[in-house]
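Worksheet: one structure, shown below.
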């Protein structure tokens, strides 16, 4: 079948979070399974865009209110990512440093969606299925069903995959005229809580809804930032599919970003070599257990708990542990963590920002990864950690609950129930005690490295959903 994935992110082209990793991997494995897969994202001002060759395959114009934007559809010429990649090039809106965070984000991503559908409509062949991702593409299923100019796409099955239901793309009805002309008798479909809610529209109109873990599908039925009743009403067409990871990119045996490659057979020596490189870089002692955090420093990820939890853990353990934080986000959290750097010099360090090579080295060199998330629809960091023999310390929520089982239950990690400083510190103490028992420690590491989180299984689950909705036609 011919599958279109439409998204705001795709690794390695443009990445902010896990959405990019999924859209950069799932299509590749669907392609390997014998399907024709195309990925469409906006054309940002990124290193990938500058360093690769693209050809223009379509040009058009998008009218947003009183603004008329010309656009080009650019195709990467070598299919080096394992699928066909297309960029929607609207320079006035997307030739910027960041993916999100602009006052005109509504106009940006609505233009992207309209331009994408204009191009899809212009092709000789209609796709078999269109897979939208998150609210940035949530209006596409509505426009396919009800916009006058897209009536040829009305019978094309659409699916929306929800990576994070907290972000919903709301905007006022004063911007409804930005949408292509549609039958106004369907205006009520756009409304949720007195505004146009892009994610809610996608959920209502898509033929199927998927979330990125089974447990997250259960959670959003009672905690979904105001969309709980909607999720309950579409449960009949919803499925939770746990994300996978790209085991070609995330492979300690071949990862070129590591100081030393290793496998499950020589994990002790391999991890120690990477730990020594990491500790040397950040003035830490490689003989001590190394706890790390990689991610956005926001409350959603438990980032606000890290400064106090780190302070208590370092004090209670009398300099017997090291902590290394890689992330950025809330300026106040960044400031608190940077302050700890001077207070606990030699045992604590922080890198404010994101560095892909450093992230790989941390997964290989750390002993434990902290994930005290309040919300974690799937989580990929714990899967990367397991792949590299690093033990995740997680709060039981979302996909973390689906993937990490406490070592006390013969599992692969350390789990706690509350997003609290106390639970984090208690889990760190359990980890310190585990670290002293090297036989048990390495047994758990091997359990983690043996866990299968590859995309092959996940790929088939998505194909099953596609086939189900296609056969309903």
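Coordinate-derived values only; no laboratory data. Worth saying up front: this structure is predicted, and the values here are computed from it rather than measured. FYI the Cβ positions are ideal-geometry reconstructions off the backbone, even for glycines, and counts take in every protein chain you see.
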Quiz item: What FRET efficiency comes out for the pair residue 152/residue 335, r = Cβ-Cβ distance, R0 = 60 Å, nearest 0.05?
Solution: 0.65
Exercise. Please report how far the C-alpha centroid of segment 1-78 lies from that of segment 391-422, rounded to the nearest whole angstrom.
Key: 35 Å
Exercise. Compute the long axis of helix 331-343 from its Cα atoms, compare it with the longest principal axis of the Cα atoms of the chain, and write down the angle in degrees, 0 to 90, nearest 10.
Key: 20 degrees
Self-check item: Those residues of segment 74-92 whose amide nitrogen sits under 12 Å from the label point placed on residue 53, 7 Å along Cα→Cβ
Solution: 76-79
Quiz item: Sorted by mean Cβ packing within 10 Å, highest first, what order do the peptides 83-95, 157-169, 58-70 take?
Solution: 157-169, 83-95, 58-70
Quiz prompt | Where labels lie 7 Å past Cα in the beta-carbon direction, separation of residue 396 and residue 174 in nm | solution = 4.8 nm
Quiz prompt | Residues 111, 198 arranged by fewest to most Cβ contacts within 10 Å | solution = 111, 198
Practice problem: Subtracting the Cα-Cα distance from 0.36 nm times the residue separation, let me have the gained length for residue 63 to residue 308 in nm, one decimal. | Solution: 83.2 nm
Self-check item: On Cα atoms only, tilt of 421-436 relative to the major axis of the chain in degrees
Solution: 50 degrees
Exercise. Compute the long axis of helix 105-122 from its Cα atoms, compare it with the longest principal axis of the Cα atoms of the chain, and write down the angle in degrees, 0 to 90, nearest 10.
Key: 60 degrees
Practice problem: Can you pull the one-decimal nm distance between simple spin-label points at residue 251 and residue 461, each 7 Å off the Cα toward Cβ? | Solution: 2.3 nm
Practice problem: Just subtract the alpha-carbon distance of residue 469 and residue 261 from 0.36 nm times their residue separation and send over the number in nm, one decimal. | Solution: 70.5 nm
Quiz item: What percent does the relative contact order of the chain come to when contacts are Cα pairs within less than 8 Å and at least six residues apart?
Solution: 12 percent
Self-check item: Rounded FRET efficiency, nearest 0.05, which uses the C-beta distance separating residue 299 from residue 236 and R0 of 35 Å
Solution: 0.60
Self-check item: Kirkwood-type radius of segment 55-135, with distances r between different C-alpha atoms, in Å
Solution: 13.9 Å
Quiz item: Each label point is 7 Å from the Cα along the Cα-to-Cβ direction; what then is the distance between the points at residue 222 and residue 287, in nm?
Solution: 4.9 nm
Quiz item: Cα gyration tensor of segment 1-108, axes a ≥ b ≥ c as square roots of the eigenvalues: rounded (a/c below 1.5), prolate (a/b > b/c) or oblate?
Solution: prolate
Quiz item: Where does segment 264-451 land on the Kirkwood hydrodynamic radius, alpha-carbon pairs, in angstrom?
Solution: 16.0 Å
Exercise. Express in nm, to one decimal, how much length is gained between residue 191 and residue 79 on full extension, taking 0.36 nm for each residue of separation and deducting their alpha carbon distance.
Key: 36.4 nm
Quiz item: Given the alpha-carbon gyration tensor of the chain, what are the semi-axes of its equivalent ellipsoid in whole angstrom, ordered largest first, with each equal to the square root of 5 times an eigenvalue?
Solution: 41, 22, 22
Quiz item: What ranking do 390-398, 267-275 get when scored by the average of other Cβ atoms within 10 Å per residue, highest first?
Solution: 390-398, 267-275
